[in-house]
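Colleague: Dropping a structure here in structure tokens format, bear with me for questions.
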Amino acid sequence: MVSAAEVRRADVVVVGDQIDSIGAGVGAPDDEVLDATGCLVIPGAVDVHTHMDMEVGAARSADDFLSGTLAAACGGTTTVIDFATAYRGEPAAQGLATWHAKARGRAVVDYGFHMTVTELTGDADDLVAEMAESGVSSFKLYMTYPDRLMVTDEVILEVMRAAGAHGAMVSLHCEDDSTVASRRSAALAAGRTEPRWHAWSRPPSAEADAVKRAIRMAEETGAPLYIVHLSSAEALQQVRLARERGLTVFAETCPQYLYLSAERYEDISERAARFVCAPPLRDPWHQEELWEGLRSGTLQVVATDHCPFTASDKRAGLTGEGWRDFTQIPGGLPGIETRLALVYQKVAEGMLSAPQWVDRCCTTPAKLFGLHPRKGVLEPGSDADVVVFDPRARRPLITESLHMKIDYSPYEDVVVDGWPRTVLSRGRPVASDGQSVAAPGWGEWLHRGPSGSVAGI
Ligand code: DUC
Ligand code: ZN
């Protein structure tokens with residue numbers, strides 16, 4: 001059994017939908033037994049960054065709450081937190097209701113929502129209090145995408161102040177939009193339309209500048225800050241400096257930034273567009289820095305930013321009529337099914353410890369987003385979300401072996417040393433040997449409280 005603290009030999013007794021007891025020789029003679037000999041038994045993984053069934057221009061992320069959570073289950077993820085969005089002119093409660101309707105009766109594992117705020121029409125305290133009552137204790141704000149999502153620093157400061165006072169978490173997409181906007185215009189004016197110019201228009205310095213600004217605002221307001229999808233060494237350095245100063249700043253990275261690089265944009269075929277995401281993939285050397293950030297604890301979480309598009313959706317672009325330049329390519333990559341195994345790969349290679357793997361993929365995300373101790377740990381009283389992970393199950397991450405609604409895999413050339421053999425969600429099998437045995441609607445919505453125990457993370 002692997003926890004965020006240790007590896008030990010133990011039996012885990014599940015009664016109903018919860019963990020009852022853990023230890024050597026616990027359990028009764030007539031209990032049904034799931035033999036996990038030779039496997040690692042870990043808490044169900046928690047993915048705090050997904051975009052299911054999300055409209056982006058004429059496109060829509062390919063996985064809905066059924067297919068996406070089914071794929072999650074097959075890959076060992078038993079809790080997801082998706083981003084409900086209140087678009088401009090829409091009350092937060094309405095955005096939340098829309099996302100409830102997308103997920104209800106479809107999700108096969110438990111799920112919660114963050115609230116994405118795209119404007120502030122009333123009092124930030126009222127918004128945060130209303131969402132807290134509705135079970136949403138985290139907010140996401142964008143420092144880029146001026147057309148639909150970006151908010152001003154004034155709005156960020158107001159939401160931070162209110163969130164800090166209510167124990168809620170503020171997540172920020174950090175890319176400095178003035179840099180992005182001027183580089184975009186320059187590239188387009190010069191007729192540079194290919195995907196590689198997408199990466200050029202969103203350089204690491206734009207991410208680092210925004211991270212620095214975000215940290216300054218968190219310091220000013222005293223609110224905890226969570227930086228989503230950190231992708232570059234320069235941004236990582238800003239997080240490191242802030243944490244060394246004792247600020248309550250957390251950051252996640254994603255498998256695409258750990259495994260893939262900007263070389264993908266050099267592909268002259270249409271394949272390059274499949275790797276368009278924001279922030280973009282970076283030069284290969286950033287990957288080592290990010291892994292080291294995870295190992296040392298400067299980065300606390302691996303989440304996915306799961307936002308898949310099919311090859312034809314990427315081709316059709318945001319207009320639906322074929323993209324004419326990189327600004328019209330829907331951004332996002334699939335990842336909800338492959339995260340746990342891709343991070344475990346570095347345990348197999350000796351770079352991370354097994355407890356660090358569990359910590360970054362299961363325990364800390366649950367703690368930061370108000371789900372602990374119900375999720376993210378195997379302890380008496382926690383939900384019986386259990387993964388029996390077989391470290392001998394080699395698996396090529398090819399499209400045919402995955403359940404995400406995609407017709408290409410970003411990790412076609414990767415073979416991982418380990419895959420979940422059995423996955424339980426609240427005591428019930430939802431995946432077995434990489435195949436789904438889940439029931440649509442089994443997943444329950446999670447009414448989340450304040451983040452609580454973030455001290456020491
Ligand atoms: N970036 C992406 O690439 N996809 C989804 C949202 C985002 O910010
Ligand atoms: Zn995202």
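Colleague: Among the residues of the range 310-333, write down those that are within 13 Å of ligand 1 (Cβ to nearest atom), part of a loop (DSSP other than H, G, I, E, B) and out of contact with any Leu (no Cβ under 8 Å at 6 or more places or on another chain).
Modeller: If the condition is that a residue be within 13 Å of ligand 1 (Cβ to nearest atom), part of a loop (DSSP other than H, G, I, E, B) and out of contact with any Leu (no Cβ under 8 Å at 6 or more places or on another chain), then 318, 331, 332 are the ones that fit.
Colleague: Inspect the range 196-203 for any residue being surrounded by 21 or more Cβ atoms within 10 Å (Cβ to Cβ), touching a strand residue (DSSP E or B) at 6+ places or on another chain (Cβ under 9 Å), in contact (Cβ under 8 Å) with a residue 24 or more places away in the chain and aliphatic (A, V, I, L, M) and give the result as yes or no.
Modeller: No: zero hits.
Colleague: Moving on to the next point. In this structure, is residue 144 modelled with pLDDT under 95, surrounded by fewer than 24 Cβ atoms within 10 Å (Cβ to Cβ) and either part of a loop (DSSP other than H, G, I, E, B) or of a type in the set (Ser, Thr, Tyr) (or both)?
Modeller: no
Colleague: So, one more: Looking only at the range 179-221, which residues are of a type outside the set (A, V, I, L, M, F, W, C) and either modelled with pLDDT under 95 or more than 25 Å from the chain's Cα centre (by Cα) (or both)?
Modeller: 179, 182, 183, 184, 185, 191, 192, 193, 194, 220, 221 - these are the residues of the range 179-221 that are of a type outside the set (A, V, I, L, M, F, W, C) and either modelled with pLDDT under 95 or more than 25 Å from the chain's Cα centre (by Cα) (or both).
Colleague: Could you tell me which numbered condition residue 176 fails, if it satisfies all but one of (1) within 16 Å of ligand 1 (Cβ to nearest atom); (2) acidic (Asp, Glu); (3) closer than 27 Å to residue 113 by Cβ?
Modeller: It fails just one condition, (3).
Colleague: Follow-up. Residues of the range 221-237 being of a type in the set (Ser, Thr, Tyr), more than 14 Å from ligand 1 (Cβ to nearest atom) and in a loop (DSSP other than H, G, I, E, B), which ones?
Modeller: Within the range 221-237, 232 is the sole residue that qualifies.
Colleague: Let me ask another. Go through the range 334-375 and give me each residue that's of a type in the set (D, E, K, R), assigned to a loop (DSSP other than H, G, I, E, B) and surrounded by fewer than 19 Cβ atoms within 10 Å (Cβ to Cβ).
Modeller: Listed by number, the list holds a single entry, 349.
Colleague: Oh, and also: So which residues in the range 428-457 are within 30 Å of residue 247 (Cβ to Cβ) and either surrounded by fewer than 18 Cβ atoms within 10 Å (Cβ to Cβ) or modelled with pLDDT under 90 (or both)?
Modeller: If the condition is that a residue be within 30 Å of residue 247 (Cβ to Cβ) and either surrounded by fewer than 18 Cβ atoms within 10 Å (Cβ to Cβ) or modelled with pLDDT under 90 (or both), then 447, 449, 450, 451, 452, 453, 454, 455, 456, 457 are the ones that fit.
Colleague: Let me ask you something else. Tell me which of these residue 33 doesn't satisfy, since it passes every other one: (1) aliphatic (A, V, I, L, M); (2) farther than 18 Å from residue 434 by Cα; (3) more than 16 Å from ligand 2 (Cβ to nearest atom); (4) touching a helix residue (DSSP H, G or I) at 6+ places or on another chain (Cβ under 9 Å).
Modeller: With respect to (1) aliphatic (A, V, I, L, M); (2) farther than 18 Å from residue 434 by Cα; (3) more than 16 Å from ligand 2 (Cβ to nearest atom); (4) touching a helix residue (DSSP H, G or I) at 6+ places or on another chain (Cβ under 9 Å), residue 33 is out only on (4).
Colleague: Please find, among 142, 226, the residue that is out of contact with any Asp or Glu (no Cβ under 8 Å at 6 or more places or on another chain) and within 16 Å of ligand 2 (Cβ to nearest atom).
Modeller: It is 142.
Colleague: Can you find a residue that is away from ligand 1 (no atom under 16 Å from the Cβ), touching a Ser or Thr at 6+ places or on another chain (Cβ under 7 Å) and touching a residue at least 60 places away in the same chain (Cβ under 8 Å) anywhere in the range 335-346?
Modeller: yes
Colleague: Among (1) within 13 Å of ligand 1 (Cβ to nearest atom); (2) of a type in the set (Lys, Arg); (3) crowded, with 20+ Cβ neighbours inside 10 Å, which single condition is residue 60 missing?
Modeller: (3)
The values are calculated or read from the model by the stated rules, or taken from the named source; none is laboratory data. Just so it is clear, the model here is predicted, and its values are computed rather than measured. Positions of Cβ are generated from backbone atoms using ideal geometry, with glycine treated the same way; all protein chains shown enter the neighbour counts.
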